[in-house]
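Report on the structure given below.
The values are calculated or read from the model by the stated rules, or taken from the named source; none is laboratory data. In this text the structure is predicted, and so the values were computed from the model without any measurement. Counting neighbours? That spans all protein chains shown, and the Cβs are built from the backbone with ideal geometry, glycine included.
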Amino acid sequence: MVALLSVITQFAVSVNYNMVDYLPDDAPSTNAMDTMEDEFEASVANSRVLIHDVTVQEALGYKEQIAAIDGVSDVTWLDDAIDIKKPIEIANKDTIETYYKDDKALFSFHIREGDEVEVTDKIYDLIGEENALSGEAVDTASSQKMAGSESAYAALLLVPIIIIILILSTNSWLEPVFFLTAIGVSVLINLGTNIFLGEVSFVTQSVAPILQLAVSLDYAIFLLHSFSDFRNKGEDPTNAMHLAMKRSFPAIAASASTTFFGFMALTFMNFEIGADLGINLVKGIVLSFISVMVFLPALTLTFYKWMDKSKHKQLIPNFKNIGKRVVKLRIPSLILVLLMIVPAFLAQSNTNFIYGVGEHPDSTRIGVDEQTVEDAFGKYTPMVLLVPKGDIVKEEELVQDLEKIDHVSSVLAYVNTVSTAIPPEYLDESVTEQFYSENYSRIILHTNANAEGDTAFDLIDEAKGMAESYYGEDVHALGESVTLYDIKNIVEKDNIVVNILTIVAIAVVLLITFRSISMPIVLLLTIQAAVWVNLSVPYFMDSSLVYVGYLIISTVQLAATVDYAILLSEAYHVNRKQMPALQAIKKTIDEKLFSILISASILSSVGFILWMTSTNPIVGSIGLLLGRGALLAFILVVFFLPAMLLVFDKVIEKTTWKANFYKGKG
């Protein structure tokens, strides 16, 4: 009933595609935006249109048509920078070529927030296939259009793959349906209960449901495998379920706890897109845990006869004697990982990061249009400075200095667009309103730098610092690059906090689970090594990494894949009480390799499908990192962790409370 209600309520949850909204209220660019909204009606340009093969007069016609579209404001073109009644040949060439060259016209304008899809559709209708549209608002519109269809496409690919993996791992055709029903119900309830949050970010909407399914499917697998084991021993179904719940509860609780606290760390991010995802995943883990411990037993006991009737032969043979082969590789595994761990840590710390959405694939119109505009007019990022109004001479000097900054192609201000000789109060408000408010003067910088990167961020520092040298601290900067600069500064601090909280929280859970000082160190080193290797790949491939993806995966991979290490280590502890270390690790690998492989293949499939199906660079980046991370965690848990357990066997015994390890000879 709750799940059905949640299916309905999830449609009332709005999705926010604007990353700017997730900046904290005290961020400089947030304050600047609030100030400009209070003082000016004009907005910062967030879109550009390129029109091919037009004369100046035809371009002016297009400008009027674009400006006439509801939701479009502040259309800027050549006539706003120079007097086009005079021959344009005598005007500054650089200024002209910012807007018009080779019979191509480039218009900048603002699209109203919330109407991006509707407005961009109208612009596409106006300009046709042969012209180009790009910008922040276009990114937002594209994300909105693709989100629903891409999530559905990902699910259509993912569910059959998970079912195939589960069929291969069980002895019943129906058992996978029980797994997916139990977790699917909790995913639906999680989506529906977002109604209490009001809205979620596009990252959460795209990633959280699939991630919840992949991470918590293990809980259902643990429980039903135990149920099958007890039934095979002759227990009646009710008693078998009671015993299975009792046996699997510690493993499920430990697994859920590490994931819970790992995701909880995301909620401490100042950049609230992480907090938004963290809240959803924490809620999802709790709901999955409750569903597996309450709903799944009831479902299984009601329909276990159907499960019995749908039994099939084991499709994959047992991994017999694989432990013996894995153990032979323990020394090379140990040496290889220890040689890799320091370079991987250093490399992932020095990766080139992207703080915005990133580049769109060339296969999409938005990707093609972006490249078309850039090829014709180069990079373009507008930036606005708000400085105290009143001193025209000082303003003119500042504008002259700003024009000399590298990568500033032109500056629009009252002093160089109208005239310093004419006092603003003598002119009609329609002429002055874009430059002056009651308290501030607005100066628009057109730059040919990227929206982000060292060049863009150095330019922000230089321009803002220059303005502050004239006006003191009452200076505000805003624009896409300024927002990304704030995101960079905030998430870099978040990274330290989130990683420390994740590691400490998971270490405490492992400490309680294993009642050991050394085990948390061994397990965390194993998974953290996999995280570092995963995040170092972009550095060695000389590619950039979306920082939001990096930050989320550095937490999610650790929280989600430490389960593999827990599963193997718990079984090793049990076996170690009955036999010597070498024999115990061989037996443990034989017993648990298949379960870990199934879990890792599901999580990895989720990641790679997200990567393949999403045109949103942030979601795609998270998917690739998750898919690769799950594979690396599997490899290190299977090869490196057994080597560590053998090498530190005596240390583990001495630092574990009531270890009771086997003392006899093998």
(request) Please tell me if THR259 is in a helix (DSSP H, G or I), out of contact with any helix residue (DSSP H, G or I) (no Cβ under 9 Å at 6 or more places or on another chain), on the phi < 0 side of the Ramachandran plot and not assigned by TED's automatic domain parsing to the domain that holds SER554. (result) no
(message) Tell me yes or no: at least one residue of the range 340-350 is surrounded by fewer than 19 Cβ atoms within 10 Å (Cβ to Cβ), outside any helix (DSSP H, G or I) and either hydroxyl-bearing (Ser, Thr, Tyr) or over 22 Å from the mean Cα position of the chain (by Cα) (or both).
(response) no
(request) Exactly one condition in (1) in contact (Cβ under 8 Å) with a residue 12 or more places away in the chain; (2) under 30 Å from GLU199 (Cα atoms); (3) in contact with a Lys or Arg (Cβ under 9 Å, 6 or more places away or on another chain) is not met by ASP74; state its number. (result) (3)
(request) Confirm whether VAL200 is free of Cβ contacts under 8 Å to residues at least 40 places away in the same chain and surrounded by fewer than 24 Cβ atoms within 10 Å (Cβ to Cβ). (result) no
(message) So LEU484 passes all but one of these: (1) of a type outside the set (Lys, Arg); (2) crowded, with 22+ Cβ neighbours inside 10 Å; (3) touching a Leu at 6+ places or on another chain (Cβ under 7 Å); (4) in contact (Cβ under 8 Å) with a residue 60 or more places away in the chain. Which condition number does it fail?
(response) (3)
(message) So in the range 65-78, with the set limited to residues that are under 26 Å from ALA451 (Cα atoms) and crowded, with 16+ Cβ neighbours inside 10 Å, which one is farthest from the chain's Cα centre (by Cα)?
(response) LEU78
(request) Scan the range 152-174 residue by residue and report those that are surrounded by 20 or more Cβ atoms within 10 Å (Cβ to Cβ) and of a type in the set (Ser, Thr, Tyr). (result) SER169, THR170, SER172
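What tally of residues in the range 35-64 results from selecting those that are assigned to a helix (DSSP H, G or I) and either touching a strand residue (DSSP E or B) at 6+ places or on another chain (Cβ under 9 Å) or surrounded by 15 or more Cβ atoms within 10 Å (Cβ to Cβ) (or both)? Steps first, please.
Pass one, the range 35-64, residues assigned to a helix (DSSP H, G or I): 35-39, 56-64.
Those left that are additionally either touching a strand residue (DSSP E or B) at 6+ places or on another chain (Cβ under 9 Å) or surrounded by 15 or more Cβ atoms within 10 Å (Cβ to Cβ) (or both): 35-36, 39, 56, 58-60, 62-64.
So the answer is 10.
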(message) Condition (residue is over 20 Å from THR140 (Cβ atoms), part of a helix (DSSP H, G or I) and not assigned by TED's automatic domain parsing to the domain that holds GLU370) applied to the range 15-30: is it met by at least one residue?
(response) yes
(request) Would you mind finding the one in VAL117, VAL138, VAL159 that is out of contact with any Phe, Trp or Tyr (no Cβ under 9 Å at 6 or more places or on another chain) and either touching a residue at least 40 places away in the same chain (Cβ under 8 Å) or small (Gly, Ala, Ser) (or both)? (result) VAL138
(message) Filter the range 521-532 down to the residues that are within 14 Å of SER349 (Cα to Cα) and without any contact (Cβ under 8 Å) to a residue 40 or more places away in the chain and list them by number.
(response) GLN528
(request) For LEU287, indicate whether it is at pLDDT 85 or above, surrounded by 15 or more Cβ atoms within 10 Å (Cβ to Cβ) and hydrophobic (A, V, I, L, M, F, W, C). (result) yes
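Among the candidates LEU567, LEU545, LEU535, single out the residue that is surrounded by 20 or more Cβ atoms within 10 Å (Cβ to Cβ), touching a residue at least 60 places away in the same chain (Cβ under 8 Å) and more than 25 Å from the chain's Cα centre (by Cα). Break it down into steps so the answer makes sense when it comes.
Numbers: LEU545 fails: more than 25 Å from the chain's Cα centre (by Cα); LEU535 fails: more than 25 Å from the chain's Cα centre (by Cα).
After applying the criteria, what remains is LEU567.
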(message) If the requirement is being within 20 Å of ILE527 (Cα to Cα) and touching a Lys or Arg at 6+ places or on another chain (Cβ under 6 Å), which of these qualifies: VAL342, VAL337, VAL327?
(response) VAL327
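Counting only residues that are outside the structural domain of ALA565 (by TED's automatic domain parsing) and among the aliphatic types (A, V, I, L, M), give me the strands (runs of 3 or more DSSP E) lying completely in the range 403-514 with at least 3 of them.
Hits in the range 403-514: 408-412, 440-447.
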(request) Just give me the residues in the range 605-621 being out of contact with any strand residue (DSSP E or B) (no Cβ under 8 Å at 6 or more places or on another chain), of a type outside the set (Ser, Thr, Tyr) and not in a loop (DSSP other than H, G, I, E, B), in sequence order. (result) VAL606, GLY607, PHE608, ILE609, LEU610, TRP611, MET612, VAL619, GLY620
(request) Pick out the one residue from SER601, SER614, SER595 that is surrounded by fewer than 21 Cβ atoms within 10 Å (Cβ to Cβ) and at pLDDT below 85. (result) SER595
(request) Please determine, by comparing only the residues of the range 232-243 that are in contact (Cβ under 8 Å) with a residue 24 or more places away in the chain and not β-branched (Val, Ile, Thr), which one is surrounded by the most Cβ atoms within 10 Å (Cβ to Cβ). (result) MET241
